[in-house]
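Structure first, then comments.
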Amino acid sequence: MRSVRSKRDRRGQISIGLLAAGWIGIGSVGVVTRSQAQSQFQQLLPDLRKEVADQDRYFWTVEKIPPQPYMNEVFWPRYSADTPKFFSESLLQFVARTFYLTRENLDGSKSQAWAGGGWLAFRSGLIADMFGVQAAFYTSQPIFAPLDQGGTVLLAPPQNSIGVLGQIYGRVQIGDQEIRGGRQLVDTPLINPQDNRMLPNTFEAATLVSLPDRDRNYDYAVGYLWNMKQRDSNDFIPMSDALASNGSNGVVNRGAPFGMLKYQPVAGLSLVAMDYNVQDFINTAFAQLEYDFRQPIGAPNWIVGANVTNQRSVGANLLTGTPFQTYQASAKVQMLYSGWTLFVVGSMNGPGSNTISLFGGNPNYASMLQLTFDNANQKAVGGSIAYDLGTVGLSGLSIGAWYMHGWDAINTSTGLGIPDQNELDVWIQYRPTEGPLKGFRLRAQYANVWQQGNVRNTQPELQVVIDYTVLMRPPSPVR
């Protein structure tokens with residue numbers, strides 16, 4: 001059954017471009033079981049949401065790193081037997097990326113930029129089978145960026161370049177867990193890289209994580225984050241300051257302790273629970289349940305899931321000045337068959353406040369390219385369809401569309417209703433897994449939002465991204 005399932009995993013991953021395209025450059029604390037890889041960060045959402053920094057890694061030792069279908073793998077020359085593992089088992093990743101985004105905003109303004117850059121990442125082998133380091137330098141440079149058309153999150157505001165050592169941390173491996181301290185990526189449902197622009201979020205933190213193991217049915221991550229570098233910034237700021245856009249005055253600096261547990265009690269069933277707390281600002285808890293029916297190849301496979309995020313003010317209520325509590329819940333039904341991926345999804349929000357997601361992408365199943373349908377009291381429903389054209393001989397090519405409708409949202413300041421929201425996303429992507437273009441990706445996606453009562457009633461957005469990923473690694477990978 002395991003061999004049948006592994007083939008299904010690979011087919012499902014290739015069908016909508018899911019496999020990680022650069023895990024050392026974005027090595028994270030997101031540790032998961034194999035079934036959790038079917039979560040909203042992988043098979044639910046179209047590939048526009050499955051960026052290289054959003055992927056969960058299954059293996060961490062060099063001997064266990066599987067071949068990477070979305071990277072051009074270049075093997076180091078064979079070292080002599082007495083070469084320290086720090087060098088002989090090191091990995092080097094290079095990602096070149098260019099990204100164009102243009103959007104006609106609902107308020108009548110325009111956001112537009114074309115940027116180029118990427119990152120260079122190094123992950124050492126272990127000294128004494130215990131100590132290692134990891135580092136990554138990130139850059140995003142303007143190619144075309146009108147000063148009065150900022151807001152794309154491709155560059156630092158208003159349209160400035162980014163160049164930052166986003167990762168530099170030491171790691172200590174003890175048994176099946178790893179301790180990390182320094183600048184790093186964190187990959188959890190609520191705190192994550194959100195790598196859907198030029199560069200990901202990174203964090204200054206101390207973390208303890210379990211190292212993934214196929215034979216273990218649980219994984220965990222705990223830690224304390226004191227600073228965050230957002231996607232469009234050169235600077236690390238306190239976690240509480242990252243809440244500033246939602247009312248924080250940034251005067252009191254607070255970090256964020258967090259904990260996450262992922263558990264697979266039986267085959268196909270996965271459970272996730274997580275919580276983080278920013279004292280005097282906000283506490284956020286998350287829970288998710290998914291079940292993968294794991295049907296044989298040739299039969300439609302069904303995946304169902306539900307999750308809920310609960311948020312509340314804590315302590316001195318510095319975020320809004322008054323106490324609040326709210327939630328966002330969502331559910332999905334998903335089917336994969338013969339290259340097709342179809343799903344329907346619904347979500348609802350509590351009436352107390354808008355939900356806040358500032359430390360990464362929103363785990364809500366209804367989270368789209370522009371909207372996350374997270375307004376107070378808002379309900380939303382929609383569906384998506386995607387197709388892998390590799391099943392008809394066009395290997396690496398996939399297309400898809402997704403539509404959502406949201407209603408009943410309210411303005412918590414006035415108590416008045418907010419006009420209904422609608423979003424349509426369409427995309428096409430070419431990402432070959434073999435041949436001379438292996439490691440290359442070209443994706444174009446268009447999204448439009450409709451909402452009455454604004455300067456503009458529509459908000460069209462076009463994104464085009466091209467990137468190329470090279471992984472230099474030790475020879476003799478496990479195949």
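The values are calculated or read from the model by the stated rules, or taken from the named source; none is laboratory data. Everything numeric here is computed off the predicted structure, so don't read it as measured data. Positions of Cβ are generated from backbone atoms using ideal geometry, with glycine treated the same way; all protein chains shown enter the neighbour counts.
What to note about this one:
- Near pairs, Cβ below 7 angstrom, 6+ apart or cross-chain, from region 252-264 (in contact (Cβ under 8 Å) with a residue 60 or more places away in the chain) to any residue that is among the acidic types (Asp, Glu): VAL252/ASP280; PHE258/ASP275; LYS262/ASP219
- ARG216 among the charged types (D, E, K, R), touching a residue at least 24 places away in the same chain (Cβ under 8 Å), in a loop (DSSP other than H, G, I, E, B) and under 30 Å from ALA285 (Cβ atoms): yes
- Residue match in region 60-72 (condition: surrounded by fewer than 16 Cβ atoms within 10 Å (Cβ to Cβ), at pLDDT 80 or above and closer than 29 Å to ALA221 by Cα): no
- Test: residue in region 378-391 that is over 30 Å from ILE297 (Cβ atoms), out of contact with any helix residue (DSSP H, G or I) (no Cβ under 8 Å at 6 or more places or on another chain) and buried (at least 20 other Cβ atoms within 10 Å of the Cβ): yes
- One residue stands out among those in region 123-138 that are more than 17 Å from TYR468 (Cα to Cα) and free of Cβ contacts under 8 Å to residues at least 40 places away in the same chain: the one that is surrounded by the most Cβ atoms within 10 Å (Cβ to Cβ), which is SER124.
- Of the residues making up region 430-479, those that are within 26 Å of GLU89 (Cβ to Cβ), surrounded by 17 or more Cβ atoms within 10 Å (Cβ to Cβ) and of a type in the set (Ser, Thr, Tyr) are THR433, TYR468, THR469.
- Qualifying residue in region 139-156 (condition: without any contact (Cβ under 8 Å) to a residue 24 or more places away in the chain, of a type outside the set (Lys, Arg), under 30 Å from LEU442 (Cβ atoms) and touching an Asp or Glu at 6+ places or on another chain (Cβ under 9 Å)): no
- The set of residues from region 324-350 being assigned to a loop (DSSP other than H, G, I, E, B) and touching a helix residue (DSSP H, G or I) at 6+ places or on another chain (Cβ under 6 Å) comprises just one member, GLY339.
- Residue ID - nearest to the chain's Cα centre (by Cα), chosen from residues in region 429-479 that are closer than 18 Å to VAL153 by Cβ and either acidic (Asp, Glu) or modelled with pLDDT under 95 (or both): ASP467
- Unique match (being charged (D, E, K, R), in a loop (DSSP other than H, G, I, E, B) and either under 19 Å from LYS379 (Cα atoms) or touching a strand residue (DSSP E or B) at 6+ places or on another chain (Cβ under 7 Å) (or both)) among ARG456, ARG443: ARG456
- Within region 402-414, not a single residue is in contact (Cβ under 8 Å) with a residue 12 or more places away in the chain, surrounded by fewer than 18 Cβ atoms within 10 Å (Cβ to Cβ) and under 30 Å from PHE75 (Cα atoms).
- Test result for GLN334, at pLDDT 95 or above, polar (S, T, N, Q) and touching a strand residue (DSSP E or B) at 6+ places or on another chain (Cβ under 8 Å): yes
- Options SER357, SER353, SER270; residue that is assigned to a loop (DSSP other than H, G, I, E, B) and within 20 Å of ASP187 (Cβ to Cβ): SER357
- Some residue of region 304-323 being surrounded by fewer than 16 Cβ atoms within 10 Å (Cβ to Cβ), touching a residue at least 40 places away in the same chain (Cβ under 8 Å) and assigned to a strand (DSSP E or B): no
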